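**Student:** Let me give you the structure first, and then I'll get to my questions.
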Amino acid sequence: EAGVAQSPRYKIIEKRQSVAFWCNPISGHATLYWYQQILGQGPKLLIQFQNNGVVDDSQLPKDRFSAERLKGVDSTLKIQPAKLEDSAVYLCASSKTSGGAYEQFFGPGTRLTVL
Amino acid sequence: QKEVEQNSGPLSVPEGAIASLNCTYSDRGSQSFFWYRQYSGKSPELIMFIYSNGDKEDGRFTAQLNKASQYVSLLIRDSQPSDSATYLCAVNPGNTGKLIFGQGTTLQVKP
């Protein structure tokens with residue numbers, strides 16, 4: 001079974017530029033998550049999708065971050081404009097469903113550096 | 001108070017010893033608890049989860065949960081140098097699916 005796919009793996013941009021990340025979850029996984037992991041910290045949830053609907057985006061900085069999962073499969077996360085403090089690894093995860101003890105599996109992540 | 005707290009370490013143990021990693025959480029409504037391992041430069045990898053009080057064993061790993069004390073731990077028996085990594089505790093509050101992570105504990109296993 002293929003794992004969670006993410007691209008690009010690395011991205012370097014200047015502040016105020018825009019950037020987009022792509023994620024393809026494990027086949028059949030209805031729930032998709034985007035996390036931000038700053039160096040030395042644990043991942044922080046940005047947004048959670050159940051199929052193509054948003055379940056939780058309470059910690060998404062909506063003035064600059066947006067995410068979509070139009071067909072309920074792959075997803076994109078966008079930052080516009082980027083700030084220095086957005087430098088982090090952006091992790092995508094998926095699970096069969098939300099709730100319960102359904103395990104989340106992570107993709108390799110995208111390391112973003114904002115200069 | 002942080003929602004999920006872990007000692008950042010590093011925790012250093014000799015090869016073959018038992019490593020004990022601890023985690024406390026603040027939300028009494030939390031339903032399930034996860035341990036992830038993260039090697040430097042890699043993404044988190046699920047080790048095991050637990051949702052009932054008591055112990056759950058999987059190979060060299062044992063997760064322990066005490067909901068009354070809001071405490072969850074991970075024991076690694078016969079620690080190997082390859083176990084050297086950051087261990088992340090994650091809590092699923094209120095059966096929502098989202099995970100709240102601690103900052104992780106760095107484990108060093110010395111040959």
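The values are calculated or read from the model by the stated rules, or taken from the named source; none is laboratory data. Computed from a prediction, not measured in an experiment: that's the story for all the values here. In this analysis, Cβ positions are derived from the backbone assuming ideal geometry, glycine residues included, and neighbour counts consider all displayed protein chains. Just the protein is used for accessible areas: all its heavy atoms, side chains included, with ligands, DNA and RNA removed. Shrake-Rupley method; radii C 1.70, N 1.55, O 1.52, S 1.80 Å.
**Student:** Being of a type in the set (S, T, N, Q) and open to solvent by less than 30 Å² (accessible area, probe 1.4 Å) is the filter here, so list the residues in segment B:96-111 that pass it. Give the steps one after another, and end with the answer.
**Tutor:** So the first thing to find is which residues in segment B:96-111 are of a type in the set (S, T, N, Q), and the list is B:96, B:103, B:105-106, B:108.
Within segment B:96-111, B:T105 is the sole residue that qualifies.
**Student:** Can I ask one more? Can you find a residue in segment B:59-80 that is part of a loop (DSSP other than H, G, I, E, B) and closer than 24 Å to A:I38 by Cα?
**Tutor:** Here is the first cut: in segment B:59-80, the ones part of a loop (DSSP other than H, G, I, E, B) are B:59-60, B:67-70, B:77-80.
Of the ones still in play, those that are also closer than 24 Å to A:I38 by Cα are none.
Checked segment B:59-80: no residue is part of a loop (DSSP other than H, G, I, E, B) and closer than 24 Å to A:I38 by Cα.
**Student:** Hey, another quick one. Just checking, does segment B:88-95 include any residue being part of a strand (DSSP E or B), open to solvent by 40 Å² or more (accessible area, probe 1.4 Å) and within 14 Å of another protein chain (Cβ to nearest Cβ)? So that I can check it myself, show each step before the final result.
**Tutor:** Here is the first cut: in segment B:88-95, the ones part of a strand (DSSP E or B) are B:88-93.
From the residues that got through so far, the ones that are open to solvent by 40 Å² or more (accessible area, probe 1.4 Å) too are none.
Looking through segment B:88-95, none of the residues is part of a strand (DSSP E or B), open to solvent by 40 Å² or more (accessible area, probe 1.4 Å) and within 14 Å of another protein chain (Cβ to nearest Cβ).
**Student:** The conditions are (1) hydroxyl-bearing (S, T, Y); (2) open to solvent by 40 Å² or more (accessible area, probe 1.4 Å); (3) without any contact (Cβ under 8 Å) to a residue 40 or more places away in the chain, and B:S43 fails exactly one of them. Which is it?
**Tutor:** Among (1) hydroxyl-bearing (S, T, Y); (2) open to solvent by 40 Å² or more (accessible area, probe 1.4 Å); (3) without any contact (Cβ under 8 Å) to a residue 40 or more places away in the chain, B:S43 violates only (2).
**Student:** Any idea which residue in segment B:6-23 is most open to solvent (accessible area, probe 1.4 Å), counting only those that are within 14 Å of chain A (Cβ to nearest Cβ) and under 12 Å from the mean Cα position of the chain (by Cα)?
**Tutor:** Looking at the filtered set, the residue picked out is B:N7.
**Student:** Filter segment A:32-82 down to the residues that are of a type in the set (A, V, I, L, M, F, W, C), in contact (Cβ under 8 Å) with a residue 40 or more places away in the chain and open to solvent by 20 Å² or more (accessible area, probe 1.4 Å) and list them by number.
**Tutor:** Listed by number, the residues that qualify are A:I38, A:L39, A:V55, A:V73.
**Student:** Give the number of residues within segment B:70-87 that are among the aromatic types (F, W, Y) and buried (at least 23 other Cβ atoms within 10 Å of the Cβ).
**Tutor:** Our first condition is that a residue be among the aromatic types (F, W, Y); within segment B:70-87, this holds for B:71, B:87.
Filter once more, keeping what is buried (at least 23 other Cβ atoms within 10 Å of the Cβ): B:87.
The number of residues fulfilling the criteria is 1.
**Student:** Further question: Determine whether segment A:55-71 contains at least one residue that is in a strand (DSSP E or B) and at pLDDT below 95.
**Tutor:** Going residue by residue through segment A:55-71, those that are in a strand (DSSP E or B) are A:55-56, A:65-68.
Applying the additional criterion that residues be at pLDDT below 95 yields A:55-56.
Yes: segment A:55-71 contains one or more residues that are in a strand (DSSP E or B) and at pLDDT below 95.
**Student:** Can I ask one more? Look through A:Q59, A:Q48 and report the one residue that is within 14 Å of chain B (Cβ to nearest Cβ), closer than 19 Å to A:E85 by Cα and polar (S, T, N, Q).
**Tutor:** On the way: A:Q48 fails: closer than 19 Å to A:E85 by Cα.
Step by step, each of A:Q59, A:Q48 is checked, and only A:Q59 is within 14 Å of chain B (Cβ to nearest Cβ), closer than 19 Å to A:E85 by Cα and polar (S, T, N, Q).
**Student:** Determine which single condition A:A93 fails, assuming it passes every other condition in (1) of a type in the set (A, V, I, L, M, F, W, C); (2) in a loop (DSSP other than H, G, I, E, B); (3) within 14 Å of chain B (Cβ to nearest Cβ).
**Tutor:** (2)
**Student:** Something else now. Restrict the check to segment B:32-49 and report whether at least one residue is within 14 Å of another protein chain (Cβ to nearest Cβ), part of a loop (DSSP other than H, G, I, E, B), at pLDDT below 95 and under 23 Å from A:Q50 (Cα atoms).
**Tutor:** Within segment B:32-49 (the criterion being within 14 Å of another protein chain (Cβ to nearest Cβ), part of a loop (DSSP other than H, G, I, E, B), at pLDDT below 95 and under 23 Å from A:Q50 (Cα atoms)), the answer is no, since none of the residues qualifies.
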